[in-house]
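Colleague: Take a look at the following structure, please.
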Amino acid sequence: MALFPNAPISAPLPPVPAVPVPSDGAVAALTAQDTQHARQLADRVRARFAKTLVGQEKLRESLIVTMVAGGHILIESVPGLAKTTAAQTLATSVSGTFKRVQCTPDLMPSDLVGTQVFDFASQKFATQIGPIHANFVLLDEINRSNAKTQSAMLEAMAEGTTTIGGERIALPRPFMVIATQNPIEEEGTYNLPEAQMDRFTMKAVMSYPTAAEEASMLRLLTGRGSDTPDFNALDQDRISVHDVEFLRAAARRVHVSDAIMGYAVDLAATTRGAGTHPIQGLAASVRLGASPRASIALTRIGQANALLAGRDYVVPEDIKSWAHEVLRHRVILTFEALADGVSSDQVIDDVVRAVPVP
């Protein structure tokens, strides 16, 4: 049932080889060889997921698309649904560096970004970098870290740098944060501030597997004789960090028409009570709508999805199919809506129905 029934309804590593730029300054269009190579790389990552994870196709695609779009992802689910396994599968599918950080209330910024250590031999301070300086960083149970540590994470995610002893240090490229959180437990947790939530390109919500998927999972576990996958045995399936940089550069070259850009802007603006087809009564449920960063994320995700589908142009479905993942953590509900059991996904359902598809 629609939440708003009166809403209108309508249908610095070595850089990647430079993208050729024509004399007029426009980015060169993708070639058929580029799109084919991109699909082959994505299929290699998907093949790795098939060896470690059963089901959860939407989560797998969310991780891959976010990586290609150059963003960060937050995964939310109750314990036991393989959030960490999925994150490790993506991170270890690339021959870059990977670090896992178990977030706790006593985790300090220096534990994450690094610190300066006095070297008695040289009588000087030496910089010791932390685990955030990796290509892929898994922040497990991110909502257990305190506000001071979350601010250090925000700098890394927003600026691609960290500050240690007043010195700014660039993070490696590519850089991606995969964070997980448990929505059930509240003791010893800290809500992520809206500014940091907004830095995540997507928020994926995992659901329980079907009975058939759970049975397949048991067959997979008994067949390999271990409850945890051996990622070292899958090294032959890895792609390189240069492949990831190629994917990201290629995605930025996917054509986005003015109509598609307008569609992304309209979706984000409608959550704020504006847009071409504003929803009546939205203010009673939404305290804060999506920022312009949402329309940027929708566009970048649309480009990445189109590239992985073998196209050099974005279609409305590339935007529409990821609207919930991009918007759900950017729509802040009112206390009244939360008390009535309204979810952000219900609001986004009505937004998607209200905004005309170009």
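The values are calculated or read from the model by the stated rules, or taken from the named source; none is laboratory data. Computed from a prediction, not measured in an experiment: that's the story for all the values here. In this analysis, Cβ positions are derived from the backbone assuming ideal geometry, glycine residues included, and neighbour counts consider all displayed protein chains. Each accessible area value is taken on the protein alone, full model and side chains, heavy atoms only, with ligands, DNA and RNA left out. Shrake-Rupley method; radii C 1.70, N 1.55, O 1.52, S 1.80 Å.
Colleague: Give the residues of the range 34-55 that are within 18 Å of the chain's Cα centre (by Cα) and either buried (at least 23 other Cβ atoms within 10 Å of the Cβ) or of a type in the set (A, V, I, L, M, F, W, C) (or both), sorted by residue number. Before the answer, list the steps.
Modeller: Filtering the range 34-55 down to residues within 18 Å of the chain's Cα centre (by Cα) leaves 42, 45-46, 49.
If the condition is that a residue be within 18 Å of the chain's Cα centre (by Cα) and either buried (at least 23 other Cβ atoms within 10 Å of the Cβ) or of a type in the set (A, V, I, L, M, F, W, C) (or both), then 42, 45, 49 are the ones that fit.
Let's see how each residue does on (1) assigned to a helix (DSSP H, G or I); (2) in contact with a helix residue (DSSP H, G or I) (Cβ under 7 Å, 6 or more places away or on another chain); (3) modelled with pLDDT of 95 or more; (4) among the aromatic types (Phe, Trp, Tyr):
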site	(1), (2), (3), (4)
232	yes, no, no, no
243	yes, yes, no, no
249	yes, no, no, no
274	no, no, no, no
277	no, yes, no, no
290	no, yes, no, no
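Colleague: Follow-up. So which residues in the range 151-169 are farther than 14 Å from residue 192 by Cα and open to solvent by 50 Å² or more (accessible area, probe 1.4 Å)?
Modeller: Once the filter is applied, which keeps residues that are farther than 14 Å from residue 192 by Cα and open to solvent by 50 Å² or more (accessible area, probe 1.4 Å), the range 151-169 yields 159, 163, 165, 166, 167, 168.
Colleague: Now for a different question. Working only within the range 146-166, note down all residues that are among the small types (Gly, Ala, Ser) and not in a helix (DSSP H, G or I).
Modeller: Restricting attention to the range 146-166, the residues satisfying the condition of being among the small types (Gly, Ala, Ser) are 147, 151-152, 156, 158, 160, 165-166.
160, 165, 166, listed by residue number.
Colleague: Scanning for something in contact with a Phe, Trp or Tyr (Cβ under 9 Å, 6 or more places away or on another chain), surrounded by fewer than 21 Cβ atoms within 10 Å (Cβ to Cβ) and of a type in the set (Lys, Arg), does the range 306-319 turn up at least one residue?
Modeller: If we filter the range 306-319 for residues that are in contact with a Phe, Trp or Tyr (Cβ under 9 Å, 6 or more places away or on another chain), which is where we start, we get 306, 316, 319.
With surrounded by fewer than 21 Cβ atoms within 10 Å (Cβ to Cβ) added as a condition, the list becomes 316.
Then keep just the ones that are of a type in the set (Lys, Arg); that gives none.
There is no residue in the range 306-319 that is in contact with a Phe, Trp or Tyr (Cβ under 9 Å, 6 or more places away or on another chain), surrounded by fewer than 21 Cβ atoms within 10 Å (Cβ to Cβ) and of a type in the set (Lys, Arg).
Colleague: Moving on to the next point. Of all residues in the range 73-87, which are touching a helix residue (DSSP H, G or I) at 6+ places or on another chain (Cβ under 8 Å) and either surrounded by 23 or more Cβ atoms within 10 Å (Cβ to Cβ) or closer than 19 Å to residue 41 by Cβ (or both)?
Modeller: Correct list: 73, 74, 75, 86, 87.
Colleague: Considering only the range 282-305, state which residues are open to solvent by less than 50 Å² (accessible area, probe 1.4 Å) and of a type in the set (Gly, Ala, Ser). It would help to see each step written out before you state the result.
Modeller: So in the range 282-305, the residues open to solvent by less than 50 Å² (accessible area, probe 1.4 Å) come out as 282, 285-286, 289-291, 294-295, 297-299, 301-305.
Selection gives 285, 289, 290, 291, 294, 295, 297, 302, 304.
Colleague: Here is a further query. Only one of these is in a helix (DSSP H, G or I), of a type in the set (S, T, N, Q) and open to solvent by 20 Å² or more (accessible area, probe 1.4 Å): 216, 226, 207. Name it.
Modeller: Working: 226 fails: in a helix (DSSP H, G or I); 207 fails: in a helix (DSSP H, G or I).
The unique qualifying residue is 216.
Colleague: Here is a further query. Give the number of residues within the range 94-145 that are assigned to a loop (DSSP other than H, G, I, E, B) and among the acidic types (Asp, Glu). So that I can check it myself, show each step before the final result.
Modeller: The first filter runs over the range 94-145 and keeps only residues assigned to a loop (DSSP other than H, G, I, E, B), leaving 95-97, 103-108, 120-123, 130-135, 141, 145.
Applying the additional criterion that residues be among the acidic types (Asp, Glu) yields 106, 141.
Adding up the residues that qualify gives 2.
Colleague: When residues of the range 164-223 are filtered for being more than 27 Å from residue 286 (Cα to Cα), touching a helix residue (DSSP H, G or I) at 6+ places or on another chain (Cβ under 7 Å), modelled with pLDDT of 85 or more and small (Gly, Ala, Ser), how many remain?
Modeller: Result for the range 164-223: 0.
Colleague: Identify, by number, the condition in (1) of a type in the set (Val, Ile, Thr); (2) modelled with pLDDT of 75 or more; (3) within 22 Å of residue 344 (Cα to Cα) that residue 9 doesn't meet.
Modeller: Going through (1) of a type in the set (Val, Ile, Thr); (2) modelled with pLDDT of 75 or more; (3) within 22 Å of residue 344 (Cα to Cα) one by one, residue 9 breaks only (2).
Colleague: Turning to a different aspect of this structure: For the range 91-139, how many residues are out of contact with any strand residue (DSSP E or B) (no Cβ under 7 Å at 6 or more places or on another chain), among the hydrophobic types (A, V, I, L, M, F, W, C) and either open to solvent by less than 60 Å² (accessible area, probe 1.4 Å) or over 22 Å from residue 168 (Cα atoms) (or both)?
Modeller: 3
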